[in-house]
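Peer 1: Pasting a structure below so you can have a look.
The values are calculated or read from the model by the stated rules, or taken from the named source; none is laboratory data. Just so you know, these numbers come straight off a predicted model, no measurement behind them. As a convention, Cβ positions derive from the backbone with ideal geometry for all residues, glycine included, and neighbour counts pool all protein chains shown.
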Amino acid sequence: MKNIPDFLYTEVKLKEKKGATHMSDEQKEFLMEQLEWIKEQRKIYDTIEVKLYQMKEIAEEATNENMSVRERRHLQEQIDELKNDVDILFKKLHKILH
């Protein structure tokens, strides 16, 4: 059971104490695949969170009344690029989910 993360290992040990049968290699492999899937999702969500925070910072910067039209246009381009990145990440996430 070296390959099973601690939280899953604990659950397996509890089942063993209750008289449950040992996990098959197939079950262990399935749980490991699920764990990798969750890790991949988490990375995508973390990246989305960072990009949304960047968009928020840019939007707050854009509230500066002394900003030129050119500066505002540049900020809008940055937001558009980040929005596109977030859309791509959500599509990737949707692909993982289905």
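Peer 1: Residue by residue through segment 66-98, note down the ones that are modelled with pLDDT under 90 and not basic (Lys, Arg).
Peer 2: Across segment 66-98, the qualifying residues are Leu93, His94, Ile96, Leu97, His98.
Peer 1: Still on this structure: Could you list, in sequence order, all residues of segment 43-75 that are exposed (fewer than 13 other Cβ atoms within 10 Å of the Cβ) and of a type in the set (S, T, N, Q)?
Peer 2: Scanning segment 43-75 gives Thr63, Asn64, Asn66, Ser68.
Peer 1: A further question on this structure: Of all residues in segment 51-98, how many are closer than 28 Å to Glu33 by Cβ and assigned to a helix (DSSP H, G or I)? Break it down stepwise before answering.
Peer 2: Of the residues in segment 51-98, the ones closer than 28 Å to Glu33 by Cβ are 51, 85-98.
Among the residues that remain, those that are also assigned to a helix (DSSP H, G or I) are: 51, 85-97.
Residues meeting the conditions: 14.
Peer 1: For segment 26-40, indicate whether the set of residues that are surrounded by 12 or more Cβ atoms within 10 Å (Cβ to Cβ), in contact (Cβ under 8 Å) with a residue 40 or more places away in the chain and within 19 Å of the chain's Cα centre (by Cα) is non-empty.
Peer 2: yes
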